[in-house]
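The values are calculated or read from the model by the stated rules, or taken from the named source; none is laboratory data. Predicted model only: the values in this text are computed from it and were never measured. Reconstructed Cβ throughout: ideal geometry from the backbone, glycine too, with neighbour counts over all protein chains shown.
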Amino acid sequence: MWVDYQRWLDKGNTPLPVEPIRTLEEAKADLVAAATAERWSRETGGIVLNGVRVGTGLDDQNRLSGVLSAIQLGGLESVDFKAQSGWVRLTAAELQGIALAISAHVQACFTAERAHHEAIEQLQTQADAEAYDVMASWP
């Protein structure tokens, strides 16, 4: 048997590497990590409001909160705001609407991530894990 294997190797053949077998728990952990990464990407990827692309990352949210506070404290009627798609002039009411839209978007992303985590936890077999579509059902 060993001699046959040596002859096979001598002909230039190479054995295929054995792929490690992932456990169901490892597959589920990878899916959970992928869902979390996708949530982050979608959460911080921005939204379009009335044709204006607005950032939704933490810095964007903090900047918007700061501008809203400044408007309320300073009695300004409007401010110049640098959105991802360029400059716009916004009123306090428009800024509040943007803040609410961003909050709703962020919450929808977390709700989708939670649904994925709960669905992944329910997977029973390796085939279930391989068939699971972590890219489905995102806002």
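Against the conditions (1) surrounded by 14 or more Cβ atoms within 10 Å (Cβ to Cβ); (2) at pLDDT 90 or above; (3) not hydroxyl-bearing (Ser, Thr, Tyr), LEU68 satisfies every one except (2). Quick one: is VAL79 out of contact with any Asp or Glu (no Cβ under 9 Å at 6 or more places or on another chain), part of a strand (DSSP E or B), at pLDDT below 90 and aliphatic (A, V, I, L, M)? Yes, satisfied. What about GLU94, is it surrounded by fewer than 17 Cβ atoms within 10 Å (Cβ to Cβ) and free of Cβ contacts under 8 Å to residues at least 60 places away in the same chain? So GLU94 fails the test. Screening the candidates GLN72, GLN61 for the property of being farther than 30 Å from GLN122 by Cβ, more than 27 Å from the chain's Cα centre (by Cα), polar (S, T, N, Q) and outside any loop (DSSP other than H, G, I, E, B) yields one hit, GLN72. The single condition among (1) crowded, with 17+ Cβ neighbours inside 10 Å; (2) more than 30 Å from ARG22 (Cβ to Cβ); (3) in contact with a Ser or Thr (Cβ under 7 Å, 6 or more places away or on another chain); (4) at pLDDT 90 or above that ALA112 does not satisfy is (2).
Kindly indicate which of THR14, THR56 is surrounded by fewer than 13 Cβ atoms within 10 Å (Cβ to Cβ), among the hydroxyl-bearing types (Ser, Thr, Tyr) and in a loop (DSSP other than H, G, I, E, B). Matching residue, one of THR14, THR56: THR14.
With the structure loaded, tell me whether ARG42 is under 30 Å from ALA131 (Cα atoms) and either in a loop (DSSP other than H, G, I, E, B) or free of Cβ contacts under 8 Å to residues at least 40 places away in the same chain (or both) or whether it fails that test. Let's see the steps before the verdict.
Values: under 30 Å from ALA131 (Cα atoms): yes; either in a loop (DSSP other than H, G, I, E, B) or free of Cβ contacts under 8 Å to residues at least 40 places away in the same chain (or both): no.
Criteria not met by ARG42.
With the requirement that a residue be polar (S, T, N, Q) and either over 24 Å from SER41 (Cβ atoms) or outside any helix (DSSP H, G or I) (or both), what does segment 89-139 give you? So that I can check it myself, show each step before the final result.
Taking segment 89-139 and keeping what is polar (S, T, N, Q), we get 91, 96, 103, 107, 111, 122, 124-126, 137.
Across segment 89-139, the qualifying residues are THR91, GLN96, GLN122, GLN124, THR125, GLN126, SER137.
Quick one: is GLU25 under 26 Å from ILE120 (Cβ atoms), surrounded by fewer than 17 Cβ atoms within 10 Å (Cβ to Cβ) and not hydroxyl-bearing (Ser, Thr, Tyr)? Here the answer is yes, as GLU25 does meet what is asked. I'd like the residue in segment 1-42 that is acidic (Asp, Glu) and over 28 Å from the mean Cα position of the chain (by Cα) and, out of all such residues, is nearest to THR56 (Cα to Cα). If we take residues in segment 1-42 being acidic (Asp, Glu) and over 28 Å from the mean Cα position of the chain (by Cα), then GLU19 is nearest to THR56 (Cα to Cα).
In segment 93-139, how many are over 30 Å from GLY66 (Cβ atoms) and small (Gly, Ala, Ser)? Explain how you work it out, then say what you get.
Of the residues in segment 93-139, the ones over 30 Å from GLY66 (Cβ atoms) are 115-137.
With small (Gly, Ala, Ser) added as a condition, the list becomes 115, 119, 127, 129, 131, 136-137.
Residues meeting the conditions: 7.
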